[in-house]
Amino acid sequence: MRTGGQILVDQLELNGADLAFCLPGESFLPVLDALYDSPIRLVSCRHEQGAANAAEAYGKLTGRPGICLVTRGPGATQAAVGVHTARQDSTPLLLLVGQVPRAFRGREAWQELDYARVFGGIAKAAWEVESAEQVADDVERAYSLALSGRPGPIVLGLPEDMLVEEAEVADRAPVEIERTQPARDELLRLRELLVSAERPLVVVGEGGWTQETGDGVLAFCETNDLPVACVFRCQDFVDNRSPSYVGVLGVAMDDALAARLAGADLVLAIGGRLGEVPTRRYTLLQPPRPEQTLVHVHPDSAELGFVYEPDLPIVAGLPELAQALTTLDAVDPTWGEWRAAARADYDANLRHEPMEGPVDFGEIMAFLRRRLPADAIQTCGAGNFTVWAHRFAEFTQFGTQVCPRSGSMGYGVAAAVAAKLVHPERRVVAVCGDGGFLMNCQELE
C-alpha cells in the first residue's frame, strides 16, 4: 500500500524526472514527504512565478516535461504565467497543484479554485485526480498529453485528502510517444514545389526541436542552397554561421528579411505556427490563404490550417521530418543569388552603429558574441532591451537560447537558474532589463 503522494512521486521517477521546482505548501505535504526519499532533486524557489518559469526552461532544455509544484489558490494563479509561456512556446510542463479536500469542493472553500476552468484556456489540459487509485493513470495521461503532438503544459489538481489516501496499484510503464513519419508522396510533392520555385524560404521554430533535427534541416537547406530563417527566440535551432542562415523573424526584425518573407514564392515552415510575431501581425503572410505557396510541417494536425491553409500540409514529427529530408534527391537550385543576398543582408544587420551615451548595447552583445563559448546558454525575459540581445547575438547549437516566446517579463533569472542546474558545466548568461530582473531576482538566493 502506498499513499497518493508516494504513488505520484514514483510515477515521476519512472518517467525520468530528475529535477523539480516548487514553493512548498501545506496542501501537498505528502508529496514533499515522498520527494524527501526520492532521487528527484527538489529546488525550493522564492516565488511561484520563478518556480514555474524554471520548470518551463527545464522543458525547453531537455525536451522532457518540467515539474512545478505549488500550493492551491494563490499559489496556482501566481504560477499561471509559466503555464501560459509553456502553452505559447509549445513546451512540455507538469504543474502539480494542491487542492482542498474532496468533500469541500464546490463550496468556495479556503483557497479553492476550479482548475479545469481557471487553466482551461491556457493549459493543454487541466483536471483533478479523484483518488489514490487513479494517480498512476493520471500521471501517465499527463505525460502523454504533454509530449504528444504539439507539446504543452498540463495542470493536475491534487486534493489533500487524496494524497494521504492509501491504495494498492501497479506502476505504469514509462510514457513513450510514437512520432509520425512524413509520407513519401508528401516529400516528393515538396520536391516538386521546390523545383518550380524561384524565391523559396525555409522558416523553422517552436517546440519539438532537437540538435539532430536542426542538423538535418540545415543539411537539407545547404544541399539545396536554401535560405533558412528562425522564428522569434528560436535562433539556436540552426547554426547561425551557415551561409544558408538569413536571420530571425522576431520583434523589430530586419526590414530586408521581412521583405524576403513577403516576397517569397514558396515558404516551407517546419515546426512553427507562423504566429503574430514572425508574420508581423499577419501582414507578411495573409491569412487564411497567403499568396506564397505554403508547405507547413507540424507534429500536430490541429495546427495545420488553424491560421493558414497550407498548399501542402505535412503531419510529422520534426526529427522524423529532418531525417526524411536527407533522403530526397537534391534539386538544381536557381535561387543562389536570392539566398546569397539574404545572407548578405543578415551580415549587414549584425553590424551595429555606435550608440550615444556611456552604455552601448550593441557593443556589449558584440563582446559576448566574440567571447562566449559555443555551448554557453543565454536567457532573457521581455522588454525593449531584448531587441539588442536578439539582433546582435549568434548561436551555433540547439539549447543555447532559452527565452519566452510568450513575451513574459521576469523569466530570465529563473530560466538561468534552471539552465545551470541542468548544465552545471556550462556558462549561463541572463540578459535582463531592470524591471524583469526585479520580478524574480530573489531566485538568486
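Remarks
- For the condition in contact (Cβ under 8 Å) with a residue 40 or more places away in the chain and within 21 Å of ARG179 (Cβ to Cβ), PRO299 qualifies.
- Considering the conditions (1) in contact with a His (Cβ under 7 Å, 6 or more places away or on another chain); (2) more than 21 Å from GLY207 (Cβ to Cβ), TYR36 is excluded by exactly one of them, (1).
- Boolean, GLY50 is assigned to a helix (DSSP H, G or I) and closer than 18 Å to ARG405 by Cα: yes
- The lone exception for GLU192 - which of (1) assigned by TED's automatic domain parsing to the domain that holds ARG339; (2) touching a residue at least 60 places away in the same chain (Cβ under 8 Å) it fails: (2)
- The set of residues in segment 123-155 that are part of a strand (DSSP E or B) and either assigned by TED's automatic domain parsing to the domain that holds VAL315 or buried (at least 22 other Cβ atoms within 10 Å of the Cβ) (or both) comprises ALA126, PRO153, ILE154, VAL155.
- Matching residues, segment 413-445, being in a helix (DSSP H, G or I), at pLDDT below 95 and among the small types (Gly, Ala, Ser): GLY435, GLY436
- Any hit, segment 198-205, residues being assigned to a loop (DSSP other than H, G, I, E, B), under 18 Å from the mean Cα position of the chain (by Cα), outside the structural domain of LEU12 (by TED's automatic domain parsing) and under 13 Å from LEU321 (Cα atoms): no
- Filtering ASP345, ASP329 for residues that are under 29 Å from the mean Cα position of the chain (by Cα) and of a type in the set (Asp, Glu) leaves a single hit, ASP345.
- Some residue of segment 163-176 being outside the structural domain of GLN292 (by TED's automatic domain parsing), out of contact with any Asp or Glu (no Cβ under 9 Å at 6 or more places or on another chain), part of a loop (DSSP other than H, G, I, E, B) and of a type in the set (D, E, K, R): yes
- Restricting segment 174-208 to residues that are at pLDDT below 95 and either surrounded by 18 or more Cβ atoms within 10 Å (Cβ to Cβ) or of a type in the set (Ser, Thr, Tyr) (or both), the residue that is farthest from LEU145 (Cα to Cα): GLY205
- Some residue of segment 211-218 being assigned by TED's automatic domain parsing to the domain that holds THR71, of a type in the set (A, V, I, L, M, F, W, C), touching an Asp or Glu at 6+ places or on another chain (Cβ under 8 Å) and buried (at least 17 other Cβ atoms within 10 Å of the Cβ): no
- Residues (under 22 Å from the mean Cα position of the chain (by Cα) and either in a helix (DSSP H, G or I) or not small (Gly, Ala, Ser) (or both)) located in segment 1-40: LEU12, ASN15, ASP18, LEU19, PHE21, CYS22
- Selection within segment 54-75 - over 11 Å from ALA418 (Cβ atoms) and of a type in the set (Ser, Thr, Tyr): THR71
- The helices (runs of 4 or more DSSP H) located wholly in segment 331-392 that include 2 or more residues which are farther than 30 Å from ALA418 by Cα and touching a strand residue (DSSP E or B) at 6+ places or on another chain (Cβ under 6 Å) occupy 336-350.
- Top-ranked residue of segment 262-277 - restricted to ones that are at pLDDT 95 or above and out of contact with any Pro (no Cβ under 6 Å at 6 or more places or on another chain), ranked as nearest to GLU320 (Cα to Cα): ILE270
- Selection within segment 113-122: residues that are in a loop (DSSP other than H, G, I, E, B) and surrounded by 16 or more Cβ atoms within 10 Å (Cβ to Cβ). The member of this set that is nearest to the chain's Cα centre (by Cα) is ILE122.
- Check on ALA366, crowded, with 23+ Cβ neighbours inside 10 Å and not β-branched (Val, Ile, Thr): no
The values are calculated or read from the model by the stated rules, or taken from the named source; none is laboratory data. Since this is a predicted model, take the numbers as computed values, not measurements. Please note: Cβ atoms are built from the backbone with ideal geometry, for glycine as well, and neighbour counts cover all protein chains shown.
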